[in-house]
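Engineer: Quick one: structure below, then a few questions.
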2 protein chains.
Amino acid sequence: MDLELWYTEQHTENVRFSIKIEKHIYSAQSEFQRIDVFEAREFGRFFTLDGCMMITEKDEFIYHDMIVHVPMATRPDKIKNVLVIGAGDGGSIRELTRYKTIENIDMVEIDEEVVKVCKKYFPNTACKLDDERVHIYYEDGLKFVRTKENEYDLIIVDSTDPFGPGEGLFTREFYGNCYKALNENGILVNQHESPYYNSYAKSMQRTHRRIKEFFPICMVYQAHIPTYPSGHWLFGFASKTVHAIDDFEPEKWEALGLKTKYYNTDIHKGAFYLPTYVKELLESDEEIED
Amino acid sequence: MDLELWYTEQHTENVRFSIKIEKHIYSAQSEFQRIDVFEAREFGRFFTLDGCMMITEKDEFIYHDMIVHVPMATRPDKIKNVLVIGAGDGGSIRELTRYKTIENIDMVEIDEEVVKVCKKYFPNTACKLDDERVHIYYEDGLKFVRTKENEYDLIIVDSTDPFGPGEGLFTREFYGNCYKALNENGILVNQHESPYYNSYAKSMQRTHRRIKEFFPICMVYQAHIPTYPSGHWLFGFASKTVHAIDDFEPEKWEALGLKTKYYNTDIHKGAFYLPTYVKELLESDEEIED
């Protein structure tokens, strides 16, 4: 009989998602986390950090399209200086470097091992880290932003979940520093967890509430990412002055002629139209354990 | 040690979705299919037909909101005579009966056992089957529509997947007969599978192409349904004359004062804004095995 290997992720205590794998091709413990790379027939290569799915070759385009093109298309000609926190797989950088108007990208990744592994095993994702506009800092993003003031047009928080090395990137202190690090029309985009399972919904609510303490414009948008828990994933869009729909001029982005597999200027708007139960969770003033 | 029971659904040959269950509370083989009912902590009660997830107490509202309120809200004052095919769990009927303007609902379910099981185990879903406007026919939907002409304002195909007892509801003959059974401004809505995994995407493409052979207006919309394969689920909206967005007047639906947990008049539009890769699959003229 053939050997069957399955990677199983525990999405909640009561839900499991399993992927049949061909091969477990890499495993190591970095200073910060466990890194594993797998090869699967359905998803191509994928990697996990501490046993949580990060990206798969099949669908990383969805996450990266939505975390990058939504803010970029809102102000395609005005965003020149970008800070990316996390993003060791290089997918967000790949999408950002497609914009010629961007002059500088600071990328702050806590774990150099993630970048090394992705350069080796995900050459189509970690393919633009050598772009001359990209400056990589192997540091804690929480500390990095403390020193910045009125500097960036866009901050993308492309982090892991709010536990382990990514925890600091969901704190009040961090969001306050992001506010300070952004210039007047700056935009903060972050991965915002999922509304569906209770445990994720609580951190979604907490995150949203904390960002709202600092930013007058605070929106949430969604995408279908089947390899993340529930497949219903959210992103936060926060800004001092820019509204992701009212200030959006689709023609400007269309004129750039970028080809994307998930993002388009219709979905730019549609993604912000949330199900009623998600809106209610976001607007709820029910107490959440802090 | 405690006994652990897991329900596992094979979403593709290489992907499994598993739910921890408290109890397997019912199992029977009807004339048409195997019916199982489970109790789970995360999802409440759920039932499967031939091992495929149908509805869970936790999220049946998503599917039923989207299959009913999208067409109803498009013409809330004009839809009086409705045909529902499948829908043995009663959820679509429950949502339809909230519209006072509807005068008649014919429900055609092939398997009386499904209705009996749902009345017993899902009293909050199968709760309006006794509404005096509802007429249930335990027949094959494919045969039922053959005899109908210029009769319905709305046909909802709330079916299982395109194999087993639901197979006939994905044929050219069936869509042609639906066209004939609808009146001039009639709308056909059907569950349209998923774009994400290749096997589902093929039946989505085939279904869309077949409906397009008959209906001049042929649209597709999406919802986040985490318990279905990939969680990215589609519905078809087809009509002779009515456009789901251009002819949609949100104020009319808002005026009804219906409370819904997923549907709202923003998501009505947003749901039709599909990711680029889904649009490309739907528009592709690549040959599909028939």
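Laboratory data are not the source of any read-out in this text; all were calculated from the coordinates shown. Every value quoted in this text rests on a predicted model; they were computed, and no experiment measured them. Methodologically, a virtual Cβ is constructed for each residue, glycine included, from the backbone with ideal geometry; neighbour enumeration extends over all protein chains shown.
Engineer: Per residue of B:15-24, what is the mean number of Cβ atoms on other protein chains within 10 angstrom of that residue's Cβ?
Structural biologist: The per-residue average across the peptide is 4.
Engineer: Taking each label point as 7 Å beyond Cα in the direction of the beta carbon, state the distances from A:Glu31 to the same residue in the other copies, shortest first, in nm.
Structural biologist: Result, one decimal in nm: 7.1.
Engineer: Taking the stretch B:58-125, which GluC sites (Glu not before Pro) meet the DSSP loop condition and have no more than 14 other C-beta atoms within 10 Å?
Structural biologist: Passing sites in the stretch B:58-125 are B:Glu103.
Engineer: Once both labels are modelled 7 Å past Cα along the beta-carbon direction, what's the B:Lys180-B:Lys143 spacing in nm?
Structural biologist: Taking the two extended label points, one gets 1.6 nm.
Engineer: Could you give the angle, 0 to 90 degrees to the nearest 10, between helix A:112-121's Cα long axis and the longest principal axis of the Cα atoms of chain A?
Structural biologist: So the helix axis and the longest Cα principal axis differ by about 60 degrees.
Engineer: So what is the 222 nm mean residue ellipticity for chain B from helices alone, if each DSSP H run of at least 4 adds -39500 (n - 2.57) and you divide by all residues, rounding to the nearest 500 deg cm²/dmol? Could you put the intermediate results ahead of the total?
Structural biologist: On the way: 9 runs with 81 residues, N = 290.
Computed mean residue ellipticity for chain B: -8000 deg cm²/dmol.
Engineer: Which distances in nm, rounded to one decimal and ordered from shortest, link the label point of A:Glu286 to the equivalent label points in the other identical copies, with labels set 7 Å from Cα toward Cβ?
Structural biologist: Label-point separations across copies, in nm and ascending: 4.4.
Engineer: Within the stretch A:196-275, list the GluC sites (Glu not before Pro) lying in a DSSP loop whose Cβ has at most 15 other Cβ atoms in a 10 Å radius.
Structural biologist: Filter output for the stretch A:196-275: A:Glu213.
Engineer: For the stretch A:22-129, give the magnitude of the charge dipole about the Cα centre (Cβ charges: +1 Lys/Arg, -1 Asp/Glu; no others), in debye to the nearest 20.
Structural biologist: Working: 15 positive and 19 negative charges, 92 e Å.
In total the dipole reaches around 440 debye.
Engineer: Work out the mean other chain Cβ neighbour count within 10 Å for the residues of A:226-233 and drop it here as an integer.
Structural biologist: Other-chain Cβ atoms within 10 Å of each residue's Cβ, averaged: 5.
Engineer: Another question, if that's okay. Where Rh denotes the Kirkwood radius from the mean inverse Cα pair distance, what is Rg over Rh for the protein assembly as shown?
Structural biologist: 0.98
Engineer: Let me ask something else. Straight-line reach only, C-alpha to C-alpha below 22 angstrom: list the lysines that A:Lys279 could link to, leaving out same-chain residues fewer than 8 apart.
Structural biologist: Of all the lysines, those that pass the test against A:Lys279 - Cα under 22 Å, at least 8 places apart if same chain - are A:Lys202, A:Lys212, A:Lys240, A:Lys269, B:Lys58, B:Lys252, B:Lys259, B:Lys261, B:Lys269.
Engineer: Can you give me the Cα centroid spacing of the stretch A:239-288 and the stretch B:168-225 in angstrom?
Structural biologist: 28 Å
Engineer: Still on this model: Round to the nearest 0.05 the FRET efficiency obtained for A:Lys279 and B:Thr171 when R0 = 60 Å and r is the Cβ-Cβ distance.
Structural biologist: 0.95
Engineer: Take B:Ser159, B:Ser284 and order them by how many other Cβ atoms sit within 10 Å, fewest up front.
Structural biologist: Fewest-to-most ranking of B:Ser159, B:Ser284: B:Ser284, B:Ser159.
Engineer: What does the convex hull of the alpha-carbon atoms of chain B project to on average, in nm²?
Structural biologist: Averaged projected hull area, Cα only: 15.1 nm².
Engineer: If you don't mind, another one. Positive end of the charge dipole of the protein assembly as shown (Lys, Arg +1 and Asp, Glu -1 on Cβ, about the Cα centre): tell me which of B:Tyr262, B:Pro123, B:Gln33 has its Cα farthest that way.
Structural biologist: So the residue furthest toward the plus end is B:Tyr262.
Engineer: State the Cα centre-to-centre distance between the stretch B:1-51 and the stretch B:116-149 in whole Å.
Structural biologist: Value for the Cα centre distance between the two parts: 24 Å.
Engineer: At R0 = 60 Å, how high is the FRET efficiency between A:Glu103 and B:Glu103 if r is their beta carbon distance? Nearest 0.05 is fine.
Structural biologist: 0.40
Engineer: Please name whichever of A:Ser92, A:Val70, A:Met53 sits farthest to the positive end of the charge dipole of the stretch A:44-92, dipole taken about the Cα centre and charges placed at Cβ: Lys and Arg +1, Asp and Glu -1.
Structural biologist: About the Cα centre, the residue reaching furthest to the positive side is A:Val70.
Engineer: Provide an ascending nm list, one decimal, of label-point separations from B:Pro250 to the equivalent residue in each further copy; define each label point as 7 Å from Cα along Cα→Cβ.
Structural biologist: 1.5
Engineer: Return the average number of partner chain Cβ atoms within 10 angstrom of each residue Cβ along peptide B:263-270.
Structural biologist: Per-residue shielding by partner chains comes out at 5.
Engineer: Compute the relative contact order of chain A as a whole-number percentage, counting only Cα pairs closer than 8 Å that sit 6 or more residues apart in sequence.
Structural biologist: It comes to 15 percent, rounded to a whole number.
Engineer: I would also like to ask the following. Can you sort A:Ser18, B:Ser230 so the residue with the fewest Cβ neighbours within 10 Å comes first?
Structural biologist: A:Ser18, B:Ser230
Engineer: Kindly work out what percent of the DSSP beta bridges joining two residues of chain B are antiparallel, to the nearest 5.
Structural biologist: Here the share of antiparallel DSSP bridges comes out near 65 percent.
Engineer: Only loop residues by DSSP count here, and only those with at most 15 other Cβ atoms within 10 Å; note down the GluC sites (Glu not before Pro) in the stretch A:129-185 that meet that.
Structural biologist: Sites meeting the loop and neighbour criteria: A:Glu132, A:Glu139, A:Glu149.
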